[in-house]
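Just below is one structure, and these are the notes that go with it.
The values are calculated or read from the model by the stated rules, or taken from the named source; none is laboratory data. Predicted model, so just to flag it, every value in this text is computed and none were measured. Note that we place each Cβ from the backbone using ideal geometry, even for glycine, and neighbour counts take in every protein chain shown. Keep in mind that these areas ignore ligands, DNA and RNA; they rest on the heavy atoms of the full protein, side chains included. Shrake-Rupley method; radii C 1.70, N 1.55, O 1.52, S 1.80 Å.
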Amino acid sequence: MANKKQLVILASGAGTNVRAICEHFKDHRRVEVAAIFSNKENAGALKVALDYGIHAESFTKNYWEKGFVQIAIESFEPELIILAGFLLKVPKAMVEFYPRSIVNIHPALLPKFGGKGMYGMHVHRAVHESKEAETGITIHYVNEHYDEGSIISQHKVAIDGNDSPEDIAQKVQALEHEYYARSLARILN
Ligand code: GAR
């Protein structure tokens, strides 16, 4: 059988999206998660790697900015590099080396509520304060600006008048777990 397409995941947080992606591809015939990298040595995402027997590495911001992590990633010859709650900016050199091969998920309907500092609960609080009628997720390619690469897909959910930021976060997380891996599978086809 031909070699499987390799995925490399970058994550900074709890890793619930990493888990959903690993679960989706765990017995896949043509795709496998090759490695999970994190800029936080205690990231839940690295524990997920352990659960699935996937190569895991943490790194410092300095290593990231100097391009050493990119070299480590290249050794896995990834078809896609997946950002799943990854909070560092992707350097221009890396974006240029991997055109339309780095994918991010953002927990809102871009171009609204994106940009520097807009991550996790900051996003959901901003959505709540703006009294939006709906929110959702955006899956997009990464360019050298935060949250500005071309959009692959968006999925929406209604916000009830009495939803708290935490309720909004829960609704968005459900969408992420339902759609991110499926959307990646479609890109890989
Ligand atoms: C996810 O909601 C993801 O969309 C968000 O971080 C969370 C990570 O959760 N990403 C951003 O805000 C990027 N701007 P997880 O670690 O449980 O997957």
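Set side by side, the residues 37, 25 differ, and just one is closer than 30 Å to residue 170 by Cβ and in contact (Cβ under 8 Å) with a residue 60 or more places away in the chain, which is 25. Among the residues making up region 21-69, those that are within 15 Å of the ligand (Cβ to nearest atom) and among the β-branched types (Val, Ile, Thr) are 21, 33, 36, 48.
Would you confirm, using the coordinates I've provided, whether residue 148 is open to solvent by less than 30 Å² (accessible area, probe 1.4 Å) and either of a type in the set (A, V, I, L, M, F, W, C) or within 16 Å of the chain's Cα centre (by Cα) (or both)? Criteria not met by residue 148.
Contact map, region 85-103: first residue touching a residue at least 24 places away in the same chain (Cβ under 8 Å), second residue charged (D, E, K, R) and not in a loop (DSSP other than H, G, I, E, B), Cβ cut-off under 7 Å, separation 6 or more or different chains; pairs are 88/61; 91/65.
Screening residue 133 against (1) surrounded by 14 or more Cβ atoms within 10 Å (Cβ to Cβ); (2) touching a residue at least 24 places away in the same chain (Cβ under 8 Å); (3) over 23 Å from residue 48 (Cβ atoms); (4) of a type outside the set (Ser, Thr, Tyr) leaves a single unmet condition, (1).
Quickly run through region 129-151 and pick out the residues that are within 21 Å of residue 78 (Cα to Cα) and in a loop (DSSP other than H, G, I, E, B). Result: 142, 143, 144, 149, 150. Out of the residues in region 1-20 that are in a loop (DSSP other than H, G, I, E, B) and within 13 Å of the ligand (Cβ to nearest atom), state the one that is most open to solvent (accessible area, probe 1.4 Å). That would be 14.
Hey, any hits in region 111-128 for a residue that's part of a helix (DSSP H, G or I) and without any contact (Cβ under 8 Å) to a residue 12 or more places away in the chain? There is at least one residue in region 111-128 that is part of a helix (DSSP H, G or I) and without any contact (Cβ under 8 Å) to a residue 12 or more places away in the chain.
Filtering region 133-170 to residues that are at pLDDT below 95 and hydroxyl-bearing (Ser, Thr, Tyr) leaves only 146.
Taking region 92-107 as the range and being more than 8 Å from the ligand (Cβ to nearest atom), in contact with a strand residue (DSSP E or B) (Cβ under 9 Å, 6 or more places away or on another chain) and of a type in the set (A, V, I, L, M) as the test, the residues that pass are 94, 95, 102, 103. If I ask for residues that are open to solvent by 60 Å² or more (accessible area, probe 1.4 Å) and touching a residue at least 12 places away in the same chain (Cβ under 8 Å), which ones from region 178-189 would you list? Within region 178-189, 178, 182 qualify. Residues in region 158-177 that are surrounded by 15 or more Cβ atoms within 10 Å (Cβ to Cβ) and not acidic (Asp, Glu): 159, 165, 168, 169, 171, 172, 173, 175, 177.
The set of residues in region 70-91 being part of a helix (DSSP H, G or I) and either within 16 Å of the ligand (Cβ to nearest atom) or open to solvent by 60 Å² or more (accessible area, probe 1.4 Å) (or both) consists of 71, 74.
Only one entry of 128, 140, 124 meets the criterion of being touching a helix residue (DSSP H, G or I) at 6+ places or on another chain (Cβ under 8 Å), within 11 Å of the ligand (Cβ to nearest atom) and not hydrophobic (A, V, I, L, M, F, W, C), and that entry is 124.
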